[in-house]
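A quick write-up on the structure given underneath.
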Amino acid sequence: MESRINYFGNALAGKVMKHLNSANKVVADSTLPIVTQELVKIRASQINGCGFCTDMHTKDAIAAGELQQRLNLVAVWREAKVFTDAERAALEIAEQGTRIADAAGGVTDDVWANAAKYFDEDQLAALISLLAIINAYNRINVINQQPGGDYKPGMFG
């Protein structure tokens, strides 16, 4: 698989990525746990069929100390015993927030209320922002057919 354009080498795309990366840095520096952030990015990327981001975030999670078993079970998190209640709440928001077109109304009040039991307002703001950002990255990579498999942790800075 070859990407349609050299998105990462394009000047205009570089300006767009600079802003997305800046927004991502704000979320990364928030109090939303890094493990939760990576799980959410992986799940959204799986749903969106983004091989590039799935590759990146599973490798970043492993580099940060995440267990392979948990990563193997992200796609089937409802049936897995390895996630905390807070992580489950974030994964449910990730699914409903990514599949907005599939569920009239987006994230349900029940799912939101459950997440609010585990995350404070700043963490919820970070979670919303994280979903918007990862979905943007996913769409860029899927539309451009950016192949996954070559990512090395830290290669983007």
Phi angles of segment 132-147, converted by Karplus (6.51 cos²θ - 1.76 cosθ + 1.60, θ = phi - 60°) into ³J(HN,Hα) in whole Hz with x for Gly and Pro, give 4, 5, 5, 5, 5, 4, 4, 5, 4, 6, 5, 4, 7, 6, 6, x
Carbon plus sulfur, as percent of the 1.4 Å-probe accessible area of the chain, comes to 56
Binned at 5 Å starting from 0, the alpha-carbon pair-distance distribution of the chain in whole percents comes out as 1, 9, 18, 23, 22, 15, 8, 4, 1, 0
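With a probe of 1.4 Å, find how much accessible area the chain has per residue, and write the answer as a whole number in Å². Before the final figure, lay out each step's value.
Details: 8640 Å² over 157 residues.
Result: 55 Å² of accessible area for each residue.
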Sorted by chain and number, the residues with a modelled amide H under 5 Å from that of Gly148, at a separation of 5 or more or across chains, are Phe52
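Given R₀ = 30 Å, what would the calculated FRET efficiency be for Val16 paired with Asp122, taking r from the Cβ atoms and rounding to 0.05?
Between Val16 and Asp122 the formula returns 0.70.
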Per the helix-only model, the chain has a calculated mean residue ellipticity at 222 nm (DSSP H runs of ≥4, -39500 (n - 2.57) each, divided over all residues, rounded to the nearest 500) of -20000 deg cm²/dmol
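Given a Förster distance of 22 Å, report the FRET efficiency between Arg78 and Asp110 from their Cβ-Cβ distance, rounded to the nearest 0.05. Spell out each step's value before the answer.
On the way: r = 15 Å, r/R0 = 0.68.
Computed FRET efficiency for Arg78 and Asp110: 0.90.
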Karplus-derived 3J(HN,Hα) from phi for segment 74-79 (6.51 cos²θ - 1.76 cosθ + 1.60, θ = phi - 60°), whole Hz, x at Gly and Pro, runs 4, 5, 10, 4, 5, 9
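The values are calculated or read from the model by the stated rules, or taken from the named source; none is laboratory data. Computed from a predicted structure; not experimentally measured. For neighbour counting, all protein chains shown are included, and Cβ atoms are generated from backbone atoms with ideal geometry for every residue, glycine included. To get the accessible areas, we keep the full protein, side chains included, count just its heavy atoms, and leave off ligands, DNA and RNA. Shrake-Rupley method; radii C 1.70, N 1.55, O 1.52, S 1.80 Å.
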